[in-house]
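So the structure is just underneath, and the comments pick up after that.
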Amino acid sequence: MTSKQLRRKYIEFFKRKGHVEIPSASLIPENDPSVLFTTAGMHPLVPFLMGEKHPAGRRLVNSQKCVRTDDIDEVGDKCHHTFFEMLGHWSLGDPASPDGVGQDGYFKKEAIEMSYEFLTQELGLDPNRLAFSVFKGDEDAPRDEEAASVWKSLGVPESRIAYLDKKENWWEPAGESGPCGPDTEMFYWADNQSPAPEKFDPKDERWVEIGNDVLMQYEKAGQGKYRPAKQKNIDNGTGLERLLSVMNNLDDDYQTDLFLPIINKIEELSSKKYDASKGAENVRSMRIIADHLRAATFIMGDDLGIAPSNVDQGYVVRKLIRRAVRHGRMIGIQENFTHKIGEVVINLMKDVYPELERNKKFVLDNLQMEEEKFTRTLQQGLRRFGKVIKKYSNKVIKGEDAFNLFQTYGFPLELTKELAKEKGLEVDEKGFEQEFKKHQELSRTAAAGRFKGGLAGQSKQVIKYHTATHLLLAALRKVLGDHVSQKGSNITEERLRFDFSHPEKLTEEQKQEVEKLVNEWIEKDLPVSWQEMPLNEAKDLGATGVFENKYGDKVKVYTIGSGDYVVSREICGGPHVDRTGVLGNFKIKKEESSSAGVRRIKAVLE
């Protein structure tokens, strides 16, 4: 089965069950300070899981582009990926309904029945190779016998159901509050050499997780307390890459059609073979190159594409490209090659994600520039290595020095060991690992909350900043011209950061005029209202919005002002304040270049 066939099978099955297909949202979150990237299929639906009405209805399905970087160092095995596609379907509950589900929604019984039907009847997976896990209960919530009983009613034996704790079978929001609840995971016995055992052991890695139904029936109420939710949601997540491997009896995601053309190109460039059966080190490097350049291509190829830089999303792009270059050099690729891999990725995926073709030049140009920069850095590292080894007489390079070469110049341990061996030296590998672990802990602490995803960033202050970005865009278009469009935003409790298309630096007069306009509109205490309408109608009204492809045919249009005095009309998902008067004084703190043809404003509400 091809990836295109599997993707469509999933979507068409749930469309037959009354779900509406929605497009994949951007990889760059619209207004969520808790994460750098869209980390899961539910992430763009956060406002709707919390009570906002979705223009497409209560039953939704799609394939969502996702990026997760918290386990980037695990990439290189058979199944970890930085970029991946999450097949997902949802039932958005109704908080006004007595049961929290509503007439158009569904909850545990129907969700589990649909999941089982899809796996066994639509995909034809052997029920004797399936197993499931449910929440075992604790002081906060009881054992989920309801979910277990539904599985049993479908013919699943008790021995194939495992009861697991909160760490394994509970979905939790990243913030202090928000919907949460138990989940039930689906596993498939992936070992083709032996029959599935009667008893399900979730610690046995031959049981591969292929799907998960999150059963949102509680609210996290702060201070570690939980209460029954007014709105009950279903969130299914099914990893396309992993399920595709299962459907093709493969135990290696990199042998599926999502990766094989990329691997073939790496083989051609390196004159090495991808032979996982021999456990060759070049196999791990090939996987890292394929994964990292695929992820970098998708991040840069997004319509809100991010160029390599030293901060936030740009730092991740830079790390992905440079790590891929290092591994390319390790397996013998001496020429600049990242743009060639990027082109393979674009050609492979452009039919599903046409934005890759639209942004092809931006992607390939940045890959080439970043690789050239890093090649110069590697050369500096070689000179540094020459200085390091001069101080050693005991034949062992300290782990600290080896790690500094890695951290500063991008030298992997393997390269340092190879160079050391040529000079008759060894490397203290344990010392290197200790330094590396310290670095990981510091990185994880610094990034806490930025890669988790979930229902965060919906505080009153964030909502104020979100509304202020609408006023800022309107003011920029009025002062600079209609060519200005939003290229991205990032909002925290403390400030807003807004990227917009404009070819040159703003003058002091222009900045003052923008600031003055925004504050005038705030002082007028203008109403903020929204309407649901077809996309074409929104465009006819002159609504702007870079996120217009997120919702499909029906969209929400937020208007600031009323009658003949409308200052802003944007396609957006919300939430927003009710009136501009609550925003406070708007102050631009900084205006700078973000990338070619894109400017960035940082501003605060005082």
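Residue-wise test of (1) touching a helix residue (DSSP H, G or I) at 6+ places or on another chain (Cβ under 9 Å); (2) in contact (Cβ under 8 Å) with a residue 12 or more places away in the chain; (3) in a strand (DSSP E or B); (4) not hydrophobic (A, V, I, L, M, F, W, C).
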position: 234; (1), (2), (3), (4): yes, yes, yes, no
position: 245; (1), (2), (3), (4): yes, yes, no, yes
position: 250; (1), (2), (3), (4): yes, no, no, no
position: 283; (1), (2), (3), (4): yes, no, no, no
position: 287; (1), (2), (3), (4): yes, yes, no, yes
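Residue pairs whose Cβ atoms lie under 7 Å apart, separated by 6 or more positions or on different chains, with the first residue in the stretch 521-537 and at positive phi and the second of a type outside the set (D, E, K, R) and surrounded by 19 or more Cβ atoms within 10 Å (Cβ to Cβ), are 525/580. When the stretch 242-260 is filtered for residues that are in contact with a strand residue (DSSP E or B) (Cβ under 7 Å, 6 or more places away or on another chain) and under 14 Å from residue 81 (Cα atoms), the ones remaining, listed by number, are 242, 243.
Picking from residues in the stretch 523-557 that are modelled with pLDDT under 85 and among the hydroxyl-bearing types (Ser, Thr, Tyr), the one that is surrounded by the most Cβ atoms within 10 Å (Cβ to Cβ) is 551. Of the residues making up the stretch 138-154, those that are closer than 18 Å to residue 220 by Cα and surrounded by fewer than 17 Cβ atoms within 10 Å (Cβ to Cβ) number 5. Taking the criterion of being of a type in the set (Gly, Ala, Ser), within 20 Å of residue 80 (Cα to Cα) and either open to solvent by less than 30 Å² (accessible area, probe 1.4 Å) or touching an Asp or Glu at 6+ places or on another chain (Cβ under 6 Å) (or both), the residues of the stretch 277-316 that qualify are 285, 290, 295, 296. For the condition within 25 Å of residue 116 (Cα to Cα), among the acidic types (Asp, Glu), open to solvent by less than 40 Å² (accessible area, probe 1.4 Å) and under 27 Å from the mean Cα position of the chain (by Cα), residue 204 does not qualify.
Against the list (1) on the phi < 0 side of the Ramachandran plot; (2) modelled with pLDDT of 95 or more; (3) open to solvent by 30 Å² or more (accessible area, probe 1.4 Å), the condition residue 18 fails is (1).
Only a single item in (1) at pLDDT 95 or above; (2) under 27 Å from residue 206 (Cβ atoms); (3) not in a loop (DSSP other than H, G, I, E, B) is not met by residue 124, and it is number (3). Screening the stretch 324-334 for residues that are in a helix (DSSP H, G or I) and open to solvent by 20 Å² or more (accessible area, probe 1.4 Å) and picking the one that is farthest from residue 595 (Cα to Cα) gives 330.
Of the residues making up the stretch 578-606, those that are in a loop (DSSP other than H, G, I, E, B), at pLDDT 90 or above and open to solvent by 20 Å² or more (accessible area, probe 1.4 Å) number 4.
A single member of 320, 304, 367 is in contact (Cβ under 8 Å) with a residue 40 or more places away in the chain and part of a loop (DSSP other than H, G, I, E, B), and it is 304. The strands (runs of 3 or more DSSP E) located wholly in the stretch 155-228 that include 2 or more residues which are small (Gly, Ala, Ser) occupy 177-189, 207-221.
Figure legend. Inter-residue proximity from the stretch 189-213: first residues among the small types (Gly, Ala, Ser), second residues not in a strand (DSSP E or B), beta-carbon distance below 7 Å, spacing 6+ or different chains. Indicated pairs: 190/206; 190/246; 190/251; 196/128; 196/129; 211/115.
The values are calculated or read from the model by the stated rules, or taken from the named source; none is laboratory data. The shown structure was predicted, so the numbers you read here are calculated from the model rather than taken from an experiment. When we count neighbours, we look across all protein chains shown, and the Cβ atoms used for this are built from the backbone with ideal geometry, even at glycine. In case anyone asks, the SASA skips ligands and DNA or RNA and just uses the protein heavy atoms, side chains included. Shrake-Rupley method; radii C 1.70, N 1.55, O 1.52, S 1.80 Å.
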